[in-house]
Amino acid sequence: MTGVLTDSALHALLALLLPAFSFLVLAIIAPFRRLGRPAAWFSTTCAAAAFVAAVIAWIHGAEQVARVVWPWLPSGGVTIADVGVLLDAQSSVMLCLVTLVSFLVQFYSLGYLHDEPAPALGRYYAYQSLFAFSMIGLALSPNLLQLFMCWELVGLCSYLLIGYWYQRPSAARAAVKAFWITKAGDVGLLIGIVMLWRLTGTFDLQQLRMMATSAAIPVAGLSIITFAIYMGAMGKSAQFPFHVWLPDAMEGPTPVSALIHAATMVTAGVYLLVRTDWLFALTPNVLAIVAWIGAFTALLAAVLACVQDDIKRVLAYSTVSQLGYMMTAIGAGVAAAGFLHLLTHGLFKALLFLGAGAVIHAVGSNDLPRMGGLARKMPQTALLFVVGTLSLAGIPLFGGFLSKEEILGAVWMGGLPGPFAVLMLVAFLTAFYMFRVVFLAFFGVPAPVVGVAQVHAGHGVGRVVSDPASTAPRVAHAHLHNEAVVEGAHVHEAPHAHEPPATMLLPLWVLALMTMAVGVYTTFGGAATAGFFVGGEHAAAGAEQALPPGWLTPAAVGAGLAGILLAWLTYQTRTISATSLAAAFGPIRFAAIRKFWIDDLFEAIYGFLLLGFARIVGWIDRYIVDGVLNLLSDWTVQAGDELRGIQTGKPQDYVYGVATGVLVLVLLMRLVF
Amino acid sequence: MGLQPYLLLSATVFSIGLFGVMTRRNTIGILLGIELMMNAVNINLVAFSRYTAAVSGMIFTVFTICITVTEAALGLAIVILLFRVRRTVMADHLDLLKG
């Protein structure tokens, strides 16, 4: 072991190992896991303890960097890579976020998944513990190799949890899709890490940072490395064109979506770039790519979110969009702003997802047209959901305000007017589509079920209702039944909707209060307070830069308010008819409903290129490789058939053979030698 | 007397034995042929033993004779069994190993 085992390092280790302990207990002691609820409580307790340890580590370790490592890959007396924890300003905050959301989600799941069979529940909590361990290991990892290992582990957990209801073909497909698409990026990441090692001879983040800041890394050829690392981040953080897996990942239980596909795992890509921003600073051309792809992803996902009728899919596209925001900030060279948004987004997006889970739990459906007027039946949930939404819209006093301002300021000051304009538009769209959800779900009246006949490409079979009078109730019933199987929740018609149980409400309150606390603190404290969350050195670096222009904050807030206003006019007062609004954006809407054909493009690539290539390879294998072998074996059999005639079975013929052979040998001896 | 006449005798006896083995249809005849070939070998051994004044050839011959006797006894037993099972001892009828 190297490094001093300080208080903070000890607690960070504790936070890392508690979920691992919980996972091992649940994985190995199968009878305990199959008990279900005791296993769930055990895992939740471990997560809570991990959170407490993480907070202590953060409080103790905010000032100094703590690093405790053990040799991992010894090779000829030299250790190639270590394994352990590196606790600095960024990783300690990330540790707190991960353990907090992880604990709240596990607690929430106690209520949300109460109808699950006991063995399945135990399995769920085993996966949750493994995920918490992997994600904490990723956040705390002192070198790129351990980071990559944990990176793959969280990918595995994501796969397992998306496919939690593996009996449903769509969930199994979504799990495989998520796994393969993120894997495509992971290959890039691995190549990048190994190439970087070839170049510098180390995996260690601190050493690499020292080399990068002292210009000891040759810049020639570094662009390929940083781009390869960015590939990994693209896959994990769902950047265009790898964003297609994230909406499908909503097939998992809603708490899983909150934890993995909104608050923590999908931000791993952003976190990776934040951890290596000194490396990316050496390659401005790659940073420009990061910024443009980020802005484009943000816009694309925001447009897609506007036409979704599935509440979870709206949130999923919103996550993709916000990840684009973070990436753009990193591309603009201000990773701290992206990291700040990562943290606030982690809080309020978890809140939104868990709130959506409460709604789905109550209504028994994901479909927005089936909801409406829920604010009267579940006022607390509505209130908390609105808090999350305002946060996401970047309204002052709420959590997302400062981080969004910081990003917009960073992008403007980074000399990227193009992405800046895109992000302003996205800010408007974000407010619009989120308040569309709020007004459709919590206010107004439930729309007639005919509205369900929307196109749900990629979300199972399209439900088309031709004659509302006769078939609508039946379809609605079938739909309800389906969703009940989907979410394992109570089957309730909307009129019977009620507040969720305390196990589900409590996490919502905690997240909402934290979002508000962060929002109020940062709104009044301004940019300087960001250092409290992302570490002093970054705040200091930010202070040196010129301040963004004064019109920026009003403009950004104005864009958000305009979006809210448009949603209010369209979906609440219905001054603007939703259909005429849709007609105004006809072609875009048409394209967006079909997801801009990106999924189709992937299908086509898969169908034509990959399968075509596979067919050619299969043909070669079947007829050329196998053909040669078959021909040889046929010849052998035939030759054997021809030659069997000389085996007469009569003893004396063999004696003739032996005698003739001896004679030949003797003659040969005489004549040749 | 030199070595050569002994070797000639031995070769002649061996050839007669081999001819018998190859041409006799009766299994007992084949066994007799094998005996002749064995004895040709014995003559060879003894002759060389005298010629090189090494006793080992003689001792070998004694062993060979013993073994030949055993082999003849076994061979005859097999032939008798064969006759019981197949009702024939003609070699060209025993072609179970035909391919």
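Each of A:L208, A:L73, B:L36 was scored by other Cβ atoms within 10 Å of its Cβ. Arranged with the fewest first, they read A:L73, B:L36, A:L208.
Applied to the range A:322-331, the Karplus parametrisation 6.51 cos²θ - 1.76 cosθ + 1.60 on θ = phi - 60° returns per-residue 3J(HN,Hα) values of 5, 4, x, 3, 4, 4, 4, 4, 5, x Hz, with x for Gly and Pro. Between A:Q64 and A:Y654, the modelled labels are 9.0 nm apart [label points 7 Å from Cα along Cα→Cβ]. Using the Karplus relation 6.51 cos²θ - 1.76 cosθ + 1.60 with θ = phi - 60°, the per-residue 3J(HN,Hα) values for the range A:600-605 come to 5, 4, 4, 4, 5, 4 Hz, with x marking Gly and Pro. Computed over the alpha carbons of the protein assembly as shown, Rg followed by Dmax gives 41.2, 140 Å. Under 5 Å from the amide H of A:Q647 lie the amide H atoms of B:G99, each residue being 5 or more positions distant or on a separate chain, with H modelled from the backbone and absent for Pro and chain starts.
Pairs with C-alpha atoms separated by more than 28 Å, drawn from the list A:K177/A:K377; A:K377/A:K595; A:K349/A:K377; A:K183/A:K404; A:K236/A:K349; A:K349/A:K595, are A:K177/A:K377; A:K377/A:K595; A:K183/A:K404. In summary, the lysines within cross-link reach of B:K98, defined as a Cα separation below 19 angstrom excluding same-chain residues under 8 places away, comprise A:K650. Counting only alpha carbon atoms, the long axis of helix A:379-393 and the longest principal axis of chain A meet at about 80°. With the simple model of a label 7 Å out from the Cα in the direction of the Cβ, B:L97 to B:I59 spans 3.5 nm. Under the simplified labelling scheme, the A:A118-A:L24 pair shows an inter-label distance of 2.6 nm, with each label point 7 Å from Cα along Cα→Cβ.
Could you compute the FRET efficiency for A:W41 and A:L629, with r as their C-beta to C-beta distance and R0 at 60 Å, rounded to 0.05? Intermediate values should be presented prior to the final figure.
Values: r = 59 Å, r/R0 = 0.99.
Once rounded, the FRET efficiency stands at 0.50.
Once the Cβ-Cβ distance of A:S75 and A:F602 is raised to the sixth power relative to R0 = 60 Å, the FRET efficiency obtained is 0.90. The relative contact order of chain A comes to 12 percent, based on Cα pairs under 8 Å that sit 6 or more residues apart. The convex hull of the Cα atoms of the range A:349-447, projected and averaged over all directions, covers 6.6 nm².
Proximity of backbone amide H atoms, modeled 1.01 Å from N, is registered between A:V83 and A:W70, A:W72 at under 5 Å, excluding neighbours fewer than 5 places apart on the same chain.
For the protein assembly as shown, what does -39500 (n - 2.57) per DSSP helix run (n ≥ 4), summed and divided by total residues, give at 222 nm, in deg cm²/dmol to the nearest 500? All intermediate terms of the calculation are to be shown ahead of the outcome.
Numbers: 34 runs with 549 residues, N = 772.
Per the formula, -23500 deg cm²/dmol.
Principal-axis analysis of the Cα atoms of chain A puts helix A:7-28 at an angle of about 60° to the longest axis.
Tell me which trypsin sites (Lys or Arg not before Pro) from the range B:1-89 have a DSSP coil assignment and no more than 14 other beta carbons within 10 Å of their own. The partial results should precede the final answer.
Working: sites: B:R24, B:R25, B:R50, B:R84, B:R86, B:R87; in loops: B:R24, B:R25, B:R87.
Hits after loop and neighbour filter: B:R25, B:R87.
Taking the Cβ of A:A332 as the centre, find all other residues whose Cβ is under 12 Å away and add up their charges (Lys, Arg: +1; Asp, Glu: -1).
Details: positive: none; negative: A:D277, A:E406.
For residues surrounding A:A332, the net value is -2.
Reported value for the range B:4-90: 59 Å³ per residue, from the convex hull of its C-alpha atoms.
Distances between placed amide hydrogens fall under 5 Å for A:N143 paired with A:L205, all partners being 5 or more residues away or on another chain.
Report the FRET efficiency, 1/(1 + (r/R0)^6), for A:T503 and A:L609, where r is their Cβ-Cβ distance and R0 is 41 Å, rounded to 0.05. Intermediate values should be presented prior to the final figure.
Values: r = 48 Å, r/R0 = 1.17.
Between A:T503 and A:L609 the formula returns 0.30.
Each residue of the range A:80-90 was assigned a 3J(HN,Hα) from its phi angle through the Karplus curve 6.51 cos²θ - 1.76 cosθ + 1.60 (θ = phi - 60°); the sequence is 6, 8, 9, 9, x, 10, 10, 10, 10, 4, 5 Hz, with glycine and proline shown as x.
FYI, it's all coordinate maths here, none of it is from the lab. Small disclaimer: the values here were computed from a predicted structure and weren't measured. Glycine gets a Cβ as well: all are built from the backbone with ideal geometry, and neighbour counts include every protein chain shown.
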